[in-house]
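Visitor: Please read through the structure below; I'll follow up with questions.
The values are calculated or read from the model by the stated rules, or taken from the named source; none is laboratory data. All figures in this text were calculated on a predicted structure; none of them were measured in a lab. Cβ coordinates were reconstructed from backbone atoms using ideal geometry, including for glycine residues, and neighbour counts include every protein chain displayed. These accessible areas exclude ligands, DNA and RNA; they are computed on the full protein's heavy atoms, side chains included. Shrake-Rupley method; radii C 1.70, N 1.55, O 1.52, S 1.80 Å.
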Amino acid sequence: MSGKDEESNGTYYLSYSYANHNLRMFALGVDGNLNEYYWDYSKKQWSMMWSVINTECGVYGKCGVFASCDPKTSPICTCLRGYVPRNVEEWNKQNWSSGCVRKTPVQCESEKVIKNNSSVESVAVEDGFVKLQNTKVPDYAEWLSSIDFDCRTACLGNCSCKAYAYDVGIGCMLWSGNLIDIQRFSMGGTDLYIRVPSSELDEQKKKNHAAVIIAVTVSVAGTIGIVICAFILWKRRTAMGGDVSFFLYTKTT
């Protein structure tokens, strides 16, 4: 360390000489990200060695409200089940700041009127929940000391509750406001349950039923195709006077 007294203005300067000459610099970007740089003597420039935010999803509220961010998908932002982009034009241009809005209002404790012959019966229609696995849960949670089942009941009984989650180490978490800063992980995280109207659940059941029908149809069609091919080969073998049993049994030597 060396010092110098500048007599002209009375300022005293100190200079330091580091043994390893490793220079470090921290810089806060306009996006709120804090980066650490080191001076690369060979390239004679600053190079980044560490960053608080490693992916775009690390930016707070990247996808807006009622949307989730997954850095492994393209685009990275997706509206939650039961929600659609607030501004489709902006969303398609990958400007997700306006977020998403609910597609269909929740029923809560509304009643569905069913006509049965000449009588009218009132049946309560409950909302349901869809599970979003491996998530970083939204900001601004309300905590309850409750078991998993009571957590669902508590959210279902409050019409303003939009989602809930349960973590063994934290307990029951409820969200009544906007769901913001949700991230998807490939593993880990917490299961988040999003409140949706019963119509959304019915739609999902139809999709699952259709998927099952398609899978069964493809399987049956494949089996029929194999049988037809085997029958054709058998007929050809028979016409040529060959050994039919060759196509019926295969002996491994």
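Visitor: Could you work out how far the C-alpha centroid of the range 28-42 sits from that of the range 148-192, in angstrom?
Guide: Between the Cα centre of the range 28-42 and that of the range 148-192, the gap is 36 Å.
Visitor: Per-residue accessible area for LYS103 at 1.4 Å probe radius, Å² rounded to 10?
Guide: 100 Å²
Visitor: Okay, next question. Just to confirm the filter: which trypsin sites (Lys or Arg not before Pro) across the range 22-76 are DSSP coil and have at most 11 other Cβ within 10 angstrom of their Cβ?
Guide: Those satisfying the criteria are LYS43, LYS44, LYS72.
Visitor: Amide H to amide H under 5 Å from GLY128: which residues, 5+ apart in sequence or cross-chain, H placed 1.01 Å off N in plane?
Guide: VAL196, SER198
Visitor: What figure in square angstrom, to the nearest 10, would you give for the accessible area of ILE170 with a 1.4 Å probe?
Guide: 90 Å²
Visitor: For VAL52, VAL196, VAL137, give the ranking by accessible area with the largest first, probe 1.4 Å.
Guide: Most to least solvent-accessible, the answer reads VAL52, VAL137, VAL196.
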